[in-house]
């Protein structure tokens, strides 16, 4: 039987390091399908999670929501919070950028970076995967948006702005000046992108934030899970990326506000103006079902990592392809985690540093062992 406890214990640290009180509350209430606490509804159950996104009318620009945070970053030039023809045109354009042809165009960028940046592992040198993930995320975003910006500079500005916006809109006490710092960080990012982005710079900011923050969070966390659970033998299976995205749930919590009254499965009423905290981590069974590439969760469950319905993330294909390439590049070295430090300020649960080194049989650059049955 595979020993998953070290992998799960390590990954839990990214939650406890970033928002310990919030995630302790979510863990304590996770056996309830949906639970009202004053004007806030905690949604844990998978069916209720889907219903909240597809059957409850949502105020997509309300303060304290993802859309509200996006509004801070973009000055109102949004994608997922638009309506009608404008929304459909933006979605169509974004889908073209992130579709099969778009991913094929971008793929050589990150595969070359993986090859170059992971090469020291073959010579026995340890590596920090977080700056590698940041460079890959920045390089992919600049190519996607056709921006002439240093990838690491874009990644740093994006992470700063996203973290400040998250601190300003997540529930809980806020330090004085939190809102002002969020506005200043958003202005710096917008200025950086607008300098090269021209028309539609707000949309470019939003796409950069979505792509970079999730990539920097997801790649190192998935690598740590694969190393601690010794999943490298499954690197050639597409199911490994899906299962690791499911258990890491890079965007584990979706804050939304109801625009009209409704009811969630289980009989929990929702009133207009209620804040709903949709726990994607629990809807995906990330807290209780370990990754198993030999017997993966259904595609319907795995897809919930990217949302559901008309506002689901259009970057799912890119995320799965990029993570799969990353895992295959790492598997050659069968690395193990030497040291990890959680990022207490990131917008999403993430590692601030994740130091790895090649496994004892791979430090000399030997080939990948045969895949497990």
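Would you confirm, using the coordinates I've provided, whether residue 308 is modelled with pLDDT of 95 or more and surrounded by fewer than 22 Cβ atoms within 10 Å (Cβ to Cβ)? No; evaluated as a whole, the condition is false for this residue.
On inspection, residue 108 does not qualify as in a helix (DSSP H, G or I), surrounded by fewer than 18 Cβ atoms within 10 Å (Cβ to Cβ) and touching a strand residue (DSSP E or B) at 6+ places or on another chain (Cβ under 7 Å).
Residue under question is residue 22, and the condition is that it be in a strand (DSSP E or B), in contact (Cβ under 8 Å) with a residue 24 or more places away in the chain and under 15 Å from residue 254 (Cβ atoms); does it hold? The answer is no for residue 22. Taking the criterion of being free of Cβ contacts under 8 Å to residues at least 60 places away in the same chain and either touching a strand residue (DSSP E or B) at 6+ places or on another chain (Cβ under 8 Å) or under 12 Å from residue 279 (Cβ atoms) (or both), the only residue of region 32-53 that qualifies is 32. Among the residues of this structure, residue 272 counts as one that is in contact with a strand residue (DSSP E or B) (Cβ under 7 Å, 6 or more places away or on another chain), closer than 20 Å to residue 58 by Cβ and in a loop (DSSP other than H, G, I, E, B). Here residue 228 fulfils each of the conditions (1) under 18 Å from residue 336 (Cα atoms); (2) touching a helix residue (DSSP H, G or I) at 6+ places or on another chain (Cβ under 7 Å); (3) buried (at least 21 other Cβ atoms within 10 Å of the Cβ) apart from (3).
The set of residues in region 12-28 that are exposed (fewer than 15 other Cβ atoms within 10 Å of the Cβ) and either at pLDDT 95 or above or farther than 24 Å from residue 301 by Cβ (or both) comprises 20, 21, 24.
The values are calculated or read from the model by the stated rules, or taken from the named source; none is laboratory data. Everything numeric here is computed off the predicted structure, so don't read it as measured data. Glycine gets a Cβ as well: all are built from the backbone with ideal geometry, and neighbour counts include every protein chain shown.
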